[in-house]
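Peer 1: Below is the structure I would like to discuss, written out as structure tokens.
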Amino acid sequence: MAAERRVAALSRHLTSASDVDIVSKINLRDFEADEVYRFLTRDNLELRARMLDHLKDDIYKADYYLSLLDFRELTLQRLKHYVDQHFFSVFDYLQDPLRFMAGLETLASVDYSLCIKAGVHFTLCGGTIAKLGTEKHHTQFLPRLDTLDLPGCFGMTELGHGSNVMGIETQATYDEQSMEFVITTPRDTASKFWIGGAAQHGKVCTVFAQLTVRGKWEGPHVFVVRIRDDSGRPTPGVRILDNGPKAGLNGVDNGQLWFDHVRVPRDALLDRYASVAEDGTYSSPIPSVAQRFGTMVGGLTTGRMLIGQGAIDAAKIGVSIALRYACARPQFQGKRIMEYLTHQRRLLPALATTYAMQLQSLRLKALYMRKRPEDGKQIHVISSGLKAGATWHRVEILQACRECCGGQGFLAANKIGPMKNDMDVDVTFEGDNTVMMQQVAKALLDTAAKQPPKPRAPSLQGAFLSDPSTLTALLRFQEDMLTAEIGSAMTRAGKAAASQGKKAAAAAATDAYEDNLDLAVDLGWAFLNRESYEGFVDEVRKSPEDAKPALTLLAALYGLTRVERNLAFFLAAGVMDGSHAAGVRAAVNSACAVLSADGGWAALRLAESFGIPDHCLQAPIAFDWRQIGSQHLG
Ligand SMILES: Cc1cc2nc3c(=O)[nH]c(=O)nc-3n(C[C@H](O)[C@H](O)[C@H](O)COP(=O)(O)OP(=O)(O)OC[C@H]3O[C@@H](n4cnc5c(N)ncnc54)[C@H](O)[C@@H]3O)c2cc1C
């Protein structure tokens with residue numbers, strides 16, 4: 001058999017006992033896709049099934065011939081139709097977050113524009129009002145948001161300020177005479193930019209603005225502002241410009257907003273964390289501007305979690321389509337393309353990574369649902385790392401899937417290409433990935449400043465490379481080494497400047513951090529790699545018995561590819577040598593051989609376990625590629 005031949009050939013290249021390949025000895029057992037689906041999908045199963053069934057409706061069928069304006073209109077009609085089913089409510093944002101997330105996650109399986117249009121309205125606008133507002137805001141706005149009677153936008157980004165939200169320039173000044181806030185765009189760089197729903201359909205917007213009360217600056221706060229009246233005309237003082245066509249995601253109408261002394265009532269301030277009394281007395285339980293703002297935006301984690309999950313779900317679809325095609329498509333002497341090692345190398349680590357990210361997302365949701373204040377920092381770190389990691393993985397996975405399907409991958413009807421274009425922006429919005437990875441690094445460095453890590457180089461003498469304890473030790477070593485390296489550069493710089501005072505020492509430490517930004521992003525990755533691999537191994541212990549061998553193999557493949565990606569680090573650090581590197585390659589290749597043996601049944605079953613119904617896969621090549629001409633042109 002090809003798989004056994006390859007494993008034997010690989011073993012001959014290995015030089016030491018530690019390279020003995022245990023991966024190839026895993027005996028896969030037949031398992032039920034349904035059981036693994038339940039292992040991968042732990043909440044709202046019945047609701048998800050109903051929602052997916054509803055998405056069979058013709059209105060959600062992909063139409064790649066639409067003009068920009070027609071696509072926007074269709075996206076709005078789709079959203080209305082979905083909202084009319086009452087699968088979930090904006091009130092669930094606080095009351096039943098898992099139901100809320102399930103309601104939005106499901107949409108990504110048919111159209112990312114629809115998913116984002118819904119996400120902006122329910123999560124970014126509705127969730128902000130729910131989380132940062134109080135009873136009066138909930139009563140006034142949420143019921144109208146729930147029916148889409150009042151389409152909502154989220155106005156944080158400005159032309160001049162994206163990642164640096166603290167630096168926004170929109171002003172909100174309290175007028176004690178009229179007891180109103182006056183919202184102003186002082187210059188064009190302060191115009192709100194990229195605002196989803198603003199170009200055509202949005203009527204209300206949660207606007208981030210710098211608050212000044214009695215001449216004192218209090219930092220960024222959020223205000224609910226009507227940008228269009230009930231008939232759809234811009235409200236007085238609000239100017240709106242359409243952002244126009246984008247590289248993808250064209251079902252969403254993004255726009256630019258200017259506010260010319262727009263007056264809003266005192267109640268427009270979302271006042272959970274800060275309020276202004278009639279006479280202009282400002283009060284907040286959080287005295288520091290930075291901490292207050294951190295608390296406000298920190299409460300909006302749901303959106304970040306949804307973007308990460310959307311990326312994972314897209315990877316599930318891409319991998320499922322590409323695997324089904326690869327196992328059915330012959331090239332050269334009737335060989336199925338899945339039999340080529342290069343194909344296995346592109347699709348099977350992608351499958352393993354998608355499982356790792358899905359399980360990590362489930363673990364994050366479980367932590368989130370515990371609702372313990374002491375978990376706040378960990379939730380922030382994991383959600384930031386997962387958002388960045390899952391979306392960056394998605395970019396790579398969908399590209400690999402597109403290429404694996406050859407020319408068919410480029411046909412819109414086969415879904416991967418359009419999905420890739422529409423989702424390209426997920427690495428940027430809801431927190432740019434480079435900035436997100438730094439959020440992870442900063443939190444780890446913060447902890448390390450109090451309790452410096454002691455990196456322990458694992459000994460690979462006699463170790464099995466694919467053993468969970470070896471892989472964990474390697475991944476932890478990389479995380480600790482990077483933390484120690486950046487941390488000690490900051491400490492050295494701080495100490496050198498200490499004689500000039502505390503401020504100078506802090507500034508020198510920040511400079512040293514900035515000089516190591518490349519390593520900070522590596523550290524974000526190292527954290528996610530270790531955390532998600534450990535999580536994967538832990539989850540496999542709780543998995544359905546029959547699926548355990550396949551999932552064990554998948555976890556090993558994930559861990560091995562994470563180490564393989566970072567071979568340069570491990571070789572430079574002296575914990576691995578050339579024979580270990582060859583051992584990792586051999587183990588990855590043999591895991592691929594086992595998973596793709598016998599027609600690739602195990603890989604196909606693992607993909608089937610994602611539970612994506614046929615009408616969501618849509619792509620003709622996922623079914624019978626020979627029928628493609630008759631199917632896609634209908
Ligand atoms: C399609 C789309 C829809 C959007 N919808 C909305 C919406 O509805 N509401 C809303 O408020 N916003 C929205 N946004 C805005 C989005 O959140 C921002 O684009 C994002 O925050 C990044 O900001 P920026 O585009 O100004 O990029 P910048 O912050 O200018 O980043 C540009 C580059 O600089 C790098 N960079 C920036 N800071 C650092 C740093 N400290 N260290 C290292 N590198 C850095 C980034 O990695 C990036 O590569 C949307 C954007 C898009 C494209």
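Peer 1: In region 565-603, how many residues are open to solvent by 10 Å² or more (accessible area, probe 1.4 Å), polar (S, T, N, Q) and farther than 17 Å from Ala350 by Cβ?
Peer 2: The number of residues fulfilling the criteria is 2.
Peer 1: Of all residues in region 432-460 being more than 16 Å from the ligand (Cβ to nearest atom) and in a helix (DSSP H, G or I), which is surrounded by the most Cβ atoms within 10 Å (Cβ to Cβ)?
Peer 2: Once the filter is applied, the top-ranked residue is Leu444.
Peer 1: Any residue in region 392-412 that is buried (at least 24 other Cβ atoms within 10 Å of the Cβ) and within 16 Å of the ligand (Cβ to nearest atom)?
Peer 2: Looking through region 392-412, at least one residue is buried (at least 24 other Cβ atoms within 10 Å of the Cβ) and within 16 Å of the ligand (Cβ to nearest atom).
Peer 1: So, one more: Return yes when Leu94 is hydrophobic (A, V, I, L, M, F, W, C) and buried (at least 19 other Cβ atoms within 10 Å of the Cβ) and no when it is not.
Peer 2: Taking the combined requirement at face value, the residue does not satisfy it.
Peer 1: Output the residue which, of all residues in region 17-45 that are closer than 26 Å to Leu560 by Cβ and open to solvent by 60 Å² or more (accessible area, probe 1.4 Å), is modelled with the highest pLDDT.
Peer 2: Glu35
Peer 1: Looking at (1) in contact with a helix residue (DSSP H, G or I) (Cβ under 8 Å, 6 or more places away or on another chain); (2) modelled with pLDDT under 95, find the lone condition where Asp598 falls short.
Peer 2: Single failed check for Asp598: (1).
Peer 1: Let me confirm something: among Lys316, Lys377, which residue is at pLDDT below 95, in the same structural domain as Ala591 (by TED's automatic domain parsing) and not in a loop (DSSP other than H, G, I, E, B)?
Peer 2: After applying the criteria, what remains is Lys377.
Peer 1: Within region 461-474, track down each residue that is open to solvent by less than 20 Å² (accessible area, probe 1.4 Å), touching a residue at least 40 places away in the same chain (Cβ under 8 Å) and not in a loop (DSSP other than H, G, I, E, B).
Peer 2: Scanning region 461-474 gives Leu471, Leu474.
Peer 1: Looking at region 244-272, which of the residues that are within 23 Å of Thr189 (Cα to Cα) and basic (Lys, Arg) is most open to solvent (accessible area, probe 1.4 Å)?
Peer 2: The residue in question is Arg263.
Peer 1: Please note which strands (runs of 3 or more DSSP E) are completely contained in region 151-209 and include at least 3 residues that are open to solvent by less than 40 Å² (accessible area, probe 1.4 Å), more than 11 Å from the ligand (Cβ to nearest atom) and of a type outside the set (Phe, Trp, Tyr).
Peer 2: Strands (runs of 3 or more DSSP E) meeting the threshold: 180-184.
Peer 1: So Met423 clears everything in (1) surrounded by fewer than 20 Cβ atoms within 10 Å (Cβ to Cβ); (2) within 16 Å of the ligand (Cβ to nearest atom) except one condition, right? Which one?
Peer 2: (1)
Peer 1: Of the conditions (1) open to solvent by 10 Å² or more (accessible area, probe 1.4 Å); (2) away from the ligand (no atom under 13 Å from the Cβ); (3) in contact (Cβ under 8 Å) with a residue 24 or more places away in the chain, Val225 fails just one. Which one is it?
Peer 2: All conditions are met except number (1).
Here's the yes/no breakdown for (1) within 16 Å of the ligand (Cβ to nearest atom); (2) farther than 20 Å from Gly308 by Cβ; (3) within 21 Å of the chain's Cα centre (by Cα):
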position	(1), (2), (3)
Asp34	no, yes, no
Thr41	no, no, yes
Lys61	no, yes, no
Thr75	yes, yes, no
Lys80	no, yes, no
Phe87	no, yes, no
Gln95	no, yes, no
Ala118	yes, no, yes
Phe122	yes, no, yes
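Peer 1: If I ask for residues that are in a strand (DSSP E or B) and away from the ligand (no atom under 13 Å from the Cβ), which ones from region 210-220 would you list?
Peer 2: Gln210, Leu211, Thr212, Val213, Lys216, Trp217, Glu218, Gly219
Peer 1: Let me ask you something else. Do any helices (runs of 4 or more DSSP H) lying entirely in region 527-634 carry at least 2 residues that are over 30 Å from Arg48 (Cα atoms), and which ones are they?
Peer 2: Because the criterion is at least 2 residues that are over 30 Å from Arg48 (Cα atoms), the helices (runs of 4 or more DSSP H) in region 527-634 that meet it are 548-565, 567-572, 578-608, 628-632.
Peer 1: If Arg562 satisfies every condition in (1) open to solvent by less than 10 Å² (accessible area, probe 1.4 Å); (2) of a type outside the set (Val, Ile, Thr); (3) closer than 30 Å to Ile379 by Cβ but one, which is the exception?
Peer 2: Condition (1) is where Arg562 drops out.
Peer 1: Just to check your reading of the model, which residue among Asp598, Asp538 is free of Cβ contacts under 8 Å to residues at least 12 places away in the same chain and more than 23 Å from Met357 (Cα to Cα)?
Peer 2: Among Asp598, Asp538, only Asp598 is free of Cβ contacts under 8 Å to residues at least 12 places away in the same chain and more than 23 Å from Met357 (Cα to Cα).
The values are calculated or read from the model by the stated rules, or taken from the named source; none is laboratory data. Computed from a prediction, not measured in an experiment: that's the story for all the values here. Don't worry about glycine lacking a Cβ; one is built from the backbone with ideal geometry, like all the others, and counts go over all protein chains shown. Just so you know, the surface numbers come from the protein's heavy atoms only, side chains and all, with ligands and any DNA or RNA stripped out. Shrake-Rupley method; radii C 1.70, N 1.55, O 1.52, S 1.80 Å.
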